[in-house]
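Chemist: One structure coming up, written as structure tokens, with questions to follow.
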Amino acid sequence: MRHVLGNKKVAAAFLGPALLVYIGVMVVPVIWSFVLTVMNGSPVLGFDWVGWDNFARFFRDPTARHALWFTIKYALVMSLGQVVLGYLMAILYVFVLKKLSTFVRTMVFFPVVLPSVAISLLFSRLFAVAPQLGPVNSLLQAIGIEPVDWFATGSAAFVVIVIMDLWRTVGFYAVLLFAGLVEIPDEVIDSARVDGAGGLRLIRHIVLPMSLPVLLSTIIFSLNNCLKVFDSILALNNGGPGTATTPLNLYMFQTSFLYSNYGYGSVLALVITVLCLTVTLLIFRSSRRDLTES
Amino acid sequence: MANQVRSGLSRGAVLALSATLALTLAGCSGDSNDNPSGDPGNRATEFSVLITAENSAGADMLQRLAEGPCAEANAALPYTLDQTPSAQMQQKILLLAGQDALPVMFAAGQQFIYKDGQLAAAGQVLDVKDALTDLGVFDLITPAAQSVVDQLYDGEFPTLPLQFNTEGIFYNKTLFAQHGLAVPETVDDLLEAARTLKAAGITPFVASGKTGWSISRWVGEFIFRDLGADAMMRVRDGQAKLTDPEYVRAAQRLQDMGLEGLFINGITNVDMDTALNQLFTGQAAMMYNLTNTLQRINDPSVNTQDLGFFPFPAITGGKGSIDDLPANVGSPNVLSAKLYGPNVGVWLRCMAENYGSISMEAQGVYSGFKINTPVPNIAPLTAEIQERIDAATSTVLWFEALFNQKATTDASNNAAPLLTGAMSAEEYMSVLQADLEEG
């Protein structure tokens, strides 16, 4: 086998088709999108070179700046929620529920397999104020609080989006972290307990350091997914009211495919890419430094 | 052995490359409308139509025509339908245009078919007026529809007016009678009526925050009634700005109504079906809407006796008139200039001769074509509005008619925040003016 795979031509024959497909559907569009950042036009009349105009427009476009800020805010809040809640659930599965955790894990994971659009519709009804009060507003009314029009302001809509997306995704991160926690050898945990570590001390000094690699992967995964949020917000309130909860990815989609402004849309796509790469690199660098220090 | 492998690989690679090239070339070799016979007069081999997935009424009408009065045209040029969700439609049209693969009739966006629009500049858009005049049936387009298209496209005629909508306020006659209200002639009367209804615990106005134009059109109506029928043309021509105080005043009027609680509570997330249901069931008294709503109103399950229609009232001292009929001709239906030929002409003539009658008979809605064949049993409200259309002396466009796509979208998306006070009237108009200036 080593002899066959050592032959570069045979390896090329095996890898070539897949590589061609990858280049065709990934590399070429990425390069083309990058080229489009300095162009304006359409497939009908062709594209013209406009230099840095599209980049300059990004800095003077208040909607883009707001979308960038909203994306970062959403990613930070959501990632914090996903990782902290996911980690707490994983600890619950491993150390409290143990073998009984299968049912709870299945239930918590269930929203992950539901379509985003269905979940968005469900939450728009849950938080509805018209034509009938939804369950959330009915509950508020029952305890003497005035019903809230959750979708009328950006801040209230943001709360609904965060609750919805946490409910939708936290099961996935809990399972991901659960897989990391069960890898910690029982002997290590038992030894720590014999040495007197328990509860928070056990988690702080044994569980957390030993699950750090999977925790970092989870943070990177979570931040990157959150920075690219699209479908759930589109289906819930289309980034409204106005553009108050429009993330960069949705604004990029609207700019490119609704307003047919491919050049400026490509700049927005590039900003998202740079944002994701920066976050990932920063986390990698910080994790490397931590490991070296330890 | 090594040489054999090498030569085998080379042959294989060449073969794979050739196959890929052949497939790519085949994929790029044109559309299904290409005529293999090469007859330049009849390039289209089918009457291919691309409309939005939401336009079920249009699809139904074309099917009726193909099976009915246009059967002969259909035999010569079979009708085929392709539908795409409206959110993806313009993207699809641009891609098809880039490949010279547009169908015979397609729902292109307005911005692409203006004189300097991308499709018009690329020679893809047929001048419908010229074609219908050649066929001797241009006079089958109603004067009102001609007027709308003339204003909208500055004298060009790039769209077939399959729809004709006037706009105004549908109201619940029973609720008005119960509270002793007359049909309002002025905005002051309208507000008075709304306050009376609100005091009686009835929602005066319903609209859909999710379908924002049902709110933003109010701004347009205030502008037209206050500043005159050409107010939005002055904005297009750069003689006025939406941020000018007299334009901001229109948005402010609407916001004041919203803050006074005259619109349905929680409007931001109300969809069009819910809004209509509120009107039909008498939970809300009034709704600004298009007359294509008549298709829903004429549904036997709705009590049409309860519903009436009145034009948007005048503003006391305003330059506009209550008689200026707000009108539109629906989404554009563009005919491909490159695929137009005698067989498409037969279809076009048949549509001009029959669309108006069948639209009224089957769906109870107006078209931009005259009703050639008398239609019996027209619903009373439909007949009443038809009389208003016939009596109209002038038409005005709708608020977003002369906007680009981004301004149109922003006008709609920001309408609910304007109404609820989440966005000020100045901010609302500034966003739209910035969109217009950005181009």
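Chemist: Express as a percent, rounded to the nearest 5, the fraction of DSSP beta bridges in chain B (both residues included) that run antiparallel.
Modeler: Values: 15 of 30 bridges.
Bridges in chain B that DSSP calls antiparallel: roughly 50 percent.
Chemist: Moving on to the next point. Along the Cα→Cβ direction, 7 angstrom out, place labels at A:Leu126 and B:Asn298. What is the inter-label distance in nm?
Modeler: 4.3 nm
Chemist: Is there a simple number for the mean count of other chain Cβ atoms within 10 Å of the Cβ of residues in A:259-268, and what is it? Numbers along the way, then the final one.
Modeler: Working: counts 11, 10, 4, 2, 0, 1, 0, 0, 0, 0.
Average neighbour count from other chains, rounded to a whole number: 3.
Chemist: Compute the Rg to Rh ratio over the stretch B:77-210 from the alpha carbon atoms, using the Kirkwood formula for Rh, and round to two decimal places. Provide the component values of the computation, followed by the final result.
Modeler: Values: Rg = 21.8 Å, Rh = 18.9 Å.
Rg divided by Rh gives 1.15.
Chemist: To the nearest Å, what is the center-to-center distance of the stretch B:289-348 and the stretch B:79-111, using C-alpha atoms only?
Modeler: So the two Cα centres are separated by 23 Å.
Chemist: Between A:Met26 and B:Ala362, with labels modelled 7 Å along Cα→Cβ, what's the label distance in nm to one decimal, could you check?
Modeler: A separation of 4.9 nm, rounded to one decimal place.
Chemist: Enter the per residue convex hull volume of the stretch A:65-293, computed from alpha-carbon coordinates, in Å³ rounded to the nearest integer. Can you show the working numbers first?
Modeler: Numbers: hull volume 35.2 nm³, N = 229.
Normalising the Cα hull of the stretch A:65-293 by residue number yields 154 Å³.
Chemist: Report, in whole Å, the centroid distance computed from the Cα atoms of the stretch A:168-234 and the stretch B:391-406.
Modeler: 58 Å
Chemist: Can you pull the one-decimal nm distance between simple spin-label points at B:Thr316 and A:Leu76, each 7 Å off the Cα toward Cβ?
Modeler: Calculated label separation equals 5.3 nm.
Chemist: Okay, next question. For B:Val125, what residues show an amide H to amide H distance below 5 Å, using hydrogens built from the backbone and excluding near sequence neighbours?
Modeler: Close amide H contacts, sequence-distant or interchain: B:Ala337.
Chemist: Right, something else. Helix by helix through chain A, keep the DSSP H runs that span 18 Å or more along the axis on Cα and average at least -0.5 on Kyte-Doolittle, and give those back in order.
Modeler: Numbers: long enough: A:8-22 (19 Å, 1.25); A:62-91 (43 Å, 1.04); A:154-181 (37 Å, 1.78); A:212-227 (22 Å, 1.66); A:262-293 (46 Å, 0.95).
What comes out of the filter, once short or polar helices are dropped, is A:8-22, A:62-91, A:154-181, A:212-227, A:262-293.
Chemist: Just to be sure I understand: of the beta bridges DSSP finds with both ends in the protein assembly as shown, what percent are antiparallel, rounded to 5? Display every interim value, and only then the final one.
Modeler: On the way: 19 of 34 bridges.
Percent antiparallel among DSSP bridges in the protein assembly as shown is about 55.
Chemist: Could you work out how much longer the chain between B:Ala76 and B:Glu426 gets when fully extended? Use 0.36 nm per residue separation minus the Cα distance between them, nm to one decimal. Write down the numbers at each step before the final one.
Modeler: On the way: separation 350, 0.36 × 350 = 126.00 nm, distance 5.64 nm.
Value of the extension gain: 120.4 nm.
Chemist: Here's something else I'd like to know. Taking the highest mean first, how do the peptides A:40-48, A:27-35 order by number of other beta carbon atoms within 10 angstrom per residue? Walk me through the numbers before you get to the answer.
Modeler: Working: A:40-48: 15.4, A:27-35: 12.6.
Per-residue mean Cβ counts within 10 Å order the peptides as A:40-48, A:27-35.
Chemist: How far is helix B:425-438 tilted, in degrees, relative to the longest principal axis of the Cα atoms in chain B, given as a value from 0 to 90 rounded to the nearest 10?
Modeler: So the inclination is approximately 30 degrees.
Chemist: Can you give the average number of partner chain beta-carbon atoms within 10 Å of each beta-carbon in peptide A:71-82, as a whole number? If you can, show how the numbers build up before the last one.
Modeler: Working: counts 0, 0, 0, 0, 0, 0, 0, 0, 0, 0, 0, 0.
Counting Cβ atoms of other protein chains within 10 Å of each residue's Cβ and averaging gives 0.
Chemist: Can you check how the C-alpha radius of gyration of chain B compares to 2.2 N^0.38 Å, as a plain ratio? Please report the intermediate quantities before stating the final value.
Modeler: Details: Rg = 25.0 Å, N = 439, 2.2 N^0.38 = 22.2 Å.
Computed over Cα atoms of chain B, the ratio equals 1.13.
Chemist: Between the stretch B:238-272 and the stretch A:126-153, how far is it from one alpha carbon centroid to the other, in angstrom?
Modeler: What the calculation gives is 24 Å, centre to centre.
Chemist: Oh, and also: Rounded to the nearest 0.05, what FRET efficiency do B:Thr186 and B:Thr281 have when you use their Cβ-Cβ distance and R0 = 22 Å?
Modeler: Working: r = 28 Å, r/R0 = 1.29.
After rounding to 0.05, the efficiency reads 0.20.
Chemist: Going by average Cβ neighbours within 10 Å, how do the peptides A:181-188, B:383-390, B:60-67 rank, with the highest at the top? Display every interim value, and only then the final one.
Modeler: Numbers: A:181-188: 11.8, B:383-390: 14.5, B:60-67: 18.0.
Result, highest mean first: B:60-67, B:383-390, A:181-188.
Chemist: So what is the 222 nm mean residue ellipticity for chain B from helices alone, if each DSSP H run of at least 4 adds -39500 (n - 2.57) and you divide by all residues, rounding to the nearest 500 deg cm²/dmol?
Modeler: Details: 20 runs with 209 residues, N = 439.
Rounded to the nearest 500, the figure is -14000 deg cm²/dmol.
Chemist: Hey, another quick one. Would you mind checking which residues have amide H under 5 Å from B:Phe157's amide H? H placed 1.01 Å from N; only 5 or more apart, or other chain.
Modeler: B:Val128, B:Lys129
Chemist: Where does helix B:380-391 land angle-wise versus the long Cα axis of chain B, in degrees 0 to 90, nearest 10?
Modeler: 90 degrees
Chemist: Whole number please: convex hull volume per residue, Cα atoms of the stretch B:307-437, in Å³.
Modeler: Values: hull volume 24.0 nm³, N = 131.
Taking the convex hull of the Cα positions in the stretch B:307-437, it is 183 Å³ per residue.
Chemist: Another one. Translational diffusion coefficient of the protein assembly as shown at 37 °C, 0.692 mPa s, Stokes-Einstein with Kirkwood Rh over Cα pairs, in µm²/s as a whole number.
Modeler: Numbers: Rh = 29.6 Å.
Stokes-Einstein gives a translational diffusion coefficient of 111 µm²/s.
Chemist: Ok, one more. I'd like the mean, over residues of B:417-427, of how many other protein chain beta carbons sit within 10 Å of each residue's own Cβ.
Modeler: Details: counts 8, 2, 2, 5, 2, 11, 5, 0, 0, 0, 1.
Shielding by partners across B:417-427 averages 3.
Chemist: What dipole magnitude, in Debye to the nearest 20, does the stretch A:65-293 give about its Cα centre under +1 on Lys/Arg Cβ and -1 on Asp/Glu Cβ?
Modeler: On the way: 14 positive and 11 negative charges, 33 e Å.
Computed about the Cα centre, the dipole is about 160 debye.
Chemist: For the modelled label position 7 Å from the Cα of A:Arg193 along Cα-to-Cβ, which residues of the stretch A:98-137 have backbone nitrogen atoms closer than 18 Å?
Modeler: A:98-101
Chemist: A further question on this structure: Looking at the stretch B:198-315, what % of the alpha carbon pairs are farther apart than 22 Å?
Modeler: Details: 2794 of 6903 pairs.
Of all Cα-Cα distances in the stretch B:198-315, 40 percent exceed 22 Å.
Chemist: Turning to a different aspect of this structure: I'd like the orientation of helix B:56-67 relative to chain B: the angle between its Cα long axis and the longest Cα principal axis, in ° from 0 to 90, rounded to 10.
Modeler: Approximately 60 degrees, to the nearest ten.
No value in this document is a laboratory result; all are computed from the given coordinates. Because the structure is a prediction, the values reported are computed rather than measured. In this analysis, Cβ positions are derived from the backbone assuming ideal geometry, glycine residues included, and neighbour counts consider all displayed protein chains.
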